[in-house]
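K.L.:
Here you go, one structure.
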Amino acid sequence: MRATGRWTGRAAALAAALGLWGCQPGAEPVEPVPAVGANQIPIVGGLAEPGHPAVGALAQVVGGRYNGPFCTATLIAPTWVLTAAHCLEGLRRSGQPAEPANVVFVVGPDARARDNAAPRDGVTHPVAAFHQHPGFIYGSVLQVDDLALYALAEPVADVAPLPLWRQPMEALGPGTELLYVGYGANDGVRRTGTGLKRARTLALTGVFPAHYLTDQPEGGTCYGDSGGPGLLLGDGPPAVVGVNSTVTGTTPAGAQCMELSSQTRVDAYQTWIDRVMGGDAPCAEVPCACDEACADGVCDPLGCDARGCRVLAECLSGCQGAPACVLGCWDGSHRQGHGLYNAVIACGRLHCPQGGDACFNASCATEIAACNGDYDPGPGGDAACSATVACVEACGADRACARLCYEAASLPERVTYDALAACANAECADPRDPAAQQICLQTACGAQVGACAALLGCDVLAGDCPEGTACVYARWAQPVCAPSGGRAQGARCPVGPVACEGALCVAGDPCADGLACVDLGGGAT
């Protein structure tokens with residue numbers, strides 16, 4: 001498939017679009033505790049906030065060591081806190097265990113570590129489970145479905161949860177004042193003061209199907225405020241209208257987050273939130289924007305618009321970097337359009353890190369053609385990401401073989417594969433130590449590994465793989481279903497670049513359909 005002229009000369013513009021919303025208010029614990037996730041500059045210019053106890057910090061505790069906060073969250077029920085999905089991804093990339101047992105919800109005004117044992121002024125509540133929105137894709141050009149719910153191990157008995165705003169946000173109108181509360185630094189240049197709860201009132205400036213925008217030309221939410229709430233104040237308790245997701249704007253002096261911030265609309269996702277928490281508010285009771293946006297009783301805020309990838313690309317190209325325009329283009333497109341566009345950008349990141357239209361158009365012609373509508377991506381292949389990884393690894397240094405493996409995957413699966421490959425190349429490119437490389441993949445690229453392997457995971461001894469495939473451990477020690485090669489049960493484990501370790505083959509072809517290579521100690525398998 002050829003690249004059409006629509007993309008010629010756009011490589012730089014599209015790459016620039018990636019950076020528009022790169023300032024996710026992610027996670028970093030308090031100095032001098034080692035960093036967890038991204039840098040943190042929360043509530044730039046905010047004032048100390050001793051109240052709003054339902055707004056707390058998410059902090060990491062590993063081996064009894066309190067590592068300080070990495071995000072903000074809001075108690076919306078006695079055992080549930082609402083936050084951003086990318087907070088968990090930042091935690092997974094920190095090199096520390098991203099398990100519920102290692103995370104606590106801190107209620108109190110000061111989440112800074114006291115001798116690495118506890119927060120200075122706060123009470124910790126252990127987390128029992130993570131629930132990320134299933135549509136969230138880490139590394140997407142613009143984060144959509146950036147919501148997560150953490151279930152607490154026990155109720156928070158002495159704090160009143162905050163209610164969700166359940167009316168359409170369009171009724172609030174531009175200029176509506178919203179209060180933002182979060183933990184971290186109050187100086188956007190020196191990045192000092194991290195870990196204290198602060199608040200600032202900011203103005204609503206625009207509403208889109210899945211997001212809304214907040215104007216903050218003099219500072220506001222920034223790194224570290226992720227997951228924190230936008231609160232609408234009134235006669236009753238404050239209502240949670242949004243969850244902090246992304247922000248943009250840097251001054252010539254270096255101060256960051258000085259333009260606009262983007263929040264995920266709570267009203268648009270209220271049916272998903274209710275469903276995860278065990279409730280049931282079907283679309284008939286909470287009407288979606290259109291009938292076709294209702295799936296299994298849960299409203300999809302992006303389920304009404306038919307704008308595809310080509311129109312999305314043209315829309316973004318016309319924005320010339322204006323954040324509100326970018327958000328409008330993205331929220332006005334359907335999920336398949338997002339997936340195809342992400343495939344183009346991920347391909348460019350992977351194959352053309354130095355940029356350049358010639359490389360972009362030559363290396364990503366298939367992805368560009370799919371986006372432009374030259375062919376239906378469905379019949380192009382049906383291999384899952386995990387099968388593609390196993391296929392590529394079996395090719396060794398044969399690049400033509402690897403390309404055939406890649407082209408056998410469907411376009412949505414290529415998005416996931418490209419994200420994993422790009423992370424592996426950037427973070428774990430040293431092949432001299434395979435063991436260290438596996439550890440690197442699990443830590444630095446844990447989110448991408450999980451997304452890829454989850455598509456076609458298997459039990460190495462359960463025989464649960466489809467016909468023609470068998471369960472084998474891939475490079476990251478995650479079992480996946482891969483082509484079996486037609487070996488019979490009892491065949492010897494193949495000799496490959498990595499021999500059998502312990503009981504299971506960690507590389508090479510599987511033995512037989514639905515089975516894994518098992519070393520019985522005497523050469524039999």
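K.L.:
Filter the range 299-316 down to the residues that are outside any loop (DSSP other than H, G, I, E, B) and more than 22 Å from the chain's Cα centre (by Cα) and list them by number. Outline the logic, then answer.
P.N.:
Step one: list which residues in the range 299-316 are outside any loop (DSSP other than H, G, I, E, B), which gives 299, 309-316.
The answer is Arg310, Val311, Glu314, Cys315.
K.L.:
From Ala324, Ala289, which residue is part of a loop (DSSP other than H, G, I, E, B), surrounded by 15 or more Cβ atoms within 10 Å (Cβ to Cβ) and at negative phi?
P.N.:
Of the residues listed, the single one that is part of a loop (DSSP other than H, G, I, E, B), surrounded by 15 or more Cβ atoms within 10 Å (Cβ to Cβ) and at negative phi is Ala289.
K.L.:
Give the residue, chosen from Val247, Val240, that is at pLDDT below 90, aliphatic (A, V, I, L, M) and either open to solvent by less than 40 Å² (accessible area, probe 1.4 Å) or within 20 Å of Ala73 (Cα to Cα) (or both).
P.N.:
On inspection, the qualifying residue turns out to be Val247.
K.L.:
When both residues are 6+ apart or on different chains and their Cβ atoms are under 6 Å apart, which pairs have a first residue that lies in the range 146-162 and is more than 29 Å from Asp300 (Cα to Cα), and a second that is in a loop (DSSP other than H, G, I, E, B) and open to solvent by less than 10 Å² (accessible area, probe 1.4 Å)?
P.N.:
So the pair list comes out as Val159/Ala54.
K.L.:
Might you check whether a residue that is touching a Pro at 6+ places or on another chain (Cβ under 9 Å) and open to solvent by less than 30 Å² (accessible area, probe 1.4 Å) occurs anywhere in the range 130-141?
P.N.:
no
K.L.:
Can you tell me which residue is nearest to the chain's Cα centre (by Cα) among those in the range 130-161 that are closer than 22 Å to Pro237 by Cβ and in a loop (DSSP other than H, G, I, E, B)?
P.N.:
Only one residue fits best here, namely Leu147.
K.L.:
Picking from Leu75, Leu58, which residue would you name as being out of contact with any Cys (no Cβ under 9 Å at 6 or more places or on another chain), of a type in the set (A, V, I, L, M) and at pLDDT 90 or above?
P.N.:
Numbers: Leu58 fails: out of contact with any Cys (no Cβ under 9 Å at 6 or more places or on another chain).
Matching residue, one of Leu75, Leu58: Leu75.
So that you can scan it fast, the table gives a plain yes or no per residue for (1) within 16 Å of His351 (Cα to Cα); (2) modelled with pLDDT under 75; (3) assigned to a helix (DSSP H, G or I):
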{"position": "Thr366", "(1), (2), (3)": "yes, no, yes"}
{"position": "Cys371", "(1), (2), (3)": "no, no, yes"}
{"position": "Asp374", "(1), (2), (3)": "no, yes, no"}
{"position": "Thr388", "(1), (2), (3)": "no, no, yes"}
{"position": "Cys391", "(1), (2), (3)": "no, no, yes"}
{"position": "Ala400", "(1), (2), (3)": "yes, yes, yes"}
{"position": "Tyr406", "(1), (2), (3)": "yes, no, yes"}
{"position": "Ala422", "(1), (2), (3)": "yes, yes, yes"}
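K.L.:
Kindly evaluate Val311 against the criterion of being modelled with pLDDT of 90 or more and open to solvent by 20 Å² or more (accessible area, probe 1.4 Å).
P.N.:
Answer is no for this residue.
K.L.:
Go over the candidates Cys309, Cys319, Cys304 one by one and state the one that is out of contact with any Leu (no Cβ under 9 Å at 6 or more places or on another chain) and not aromatic (Phe, Trp, Tyr).
P.N.:
Result of the check over Cys309, Cys319, Cys304: Cys304.
Per-residue answers, yes or no, for (1) part of a strand (DSSP E or B); (2) touching a helix residue (DSSP H, G or I) at 6+ places or on another chain (Cβ under 9 Å); (3) of a type in the set (Asp, Glu):
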position: Thr221; (1), (2), (3): no, no, no
position: Gly227; (1), (2), (3): no, yes, no
position: Pro237; (1), (2), (3): no, no, no
position: Asn244; (1), (2), (3): yes, no, no
position: Tyr269; (1), (2), (3): no, no, no
position: Asp280; (1), (2), (3): no, yes, yes
position: Cys283; (1), (2), (3): no, yes, no
position: Gly318; (1), (2), (3): no, yes, no
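K.L.:
Here is a follow-up. Condition check: open to solvent by 20 Å² or more (accessible area, probe 1.4 Å) and within 19 Å of Ala84 (Cα to Cα). Does Arg275 satisfy that?
P.N.:
Numbers: open to solvent by 20 Å² or more (accessible area, probe 1.4 Å): yes; within 19 Å of Ala84 (Cα to Cα): yes.
Here the answer is yes, as Arg275 does meet what is asked.
K.L.:
While we're here: Within the range 271-299, track down each residue that is under 18 Å from Trp330 (Cα atoms) and touching a residue at least 40 places away in the same chain (Cβ under 8 Å).
P.N.:
Hit for the range 271-299 is Ala289, nothing else.
K.L.:
I've got another one for you. Of all the residues that make up the range 276-302, how many are under 29 Å from Val141 (Cβ atoms), modelled with pLDDT of 85 or more and not acidic (Asp, Glu)?
P.N.:
The qualifying residues number 9.
K.L.:
Search the range 79-124 for residues being in a helix (DSSP H, G or I), open to solvent by less than 30 Å² (accessible area, probe 1.4 Å) and out of contact with any helix residue (DSSP H, G or I) (no Cβ under 6 Å at 6 or more places or on another chain), and hand back the single one that is farthest from Phe136 (Cα to Cα).
P.N.:
Top of the filtered list is Asn102.
The values are calculated or read from the model by the stated rules, or taken from the named source; none is laboratory data. Quantities reported herein were computed from a predicted structural model and do not represent experimental measurements. All Cβ positions, glycine included, derive from the backbone under ideal geometry; neighbour counts span all protein chains shown. Please note that ligands, DNA and RNA were not included when accessible areas were found on the heavy atoms of the full protein model with its side chains. Shrake-Rupley method; radii C 1.70, N 1.55, O 1.52, S 1.80 Å.
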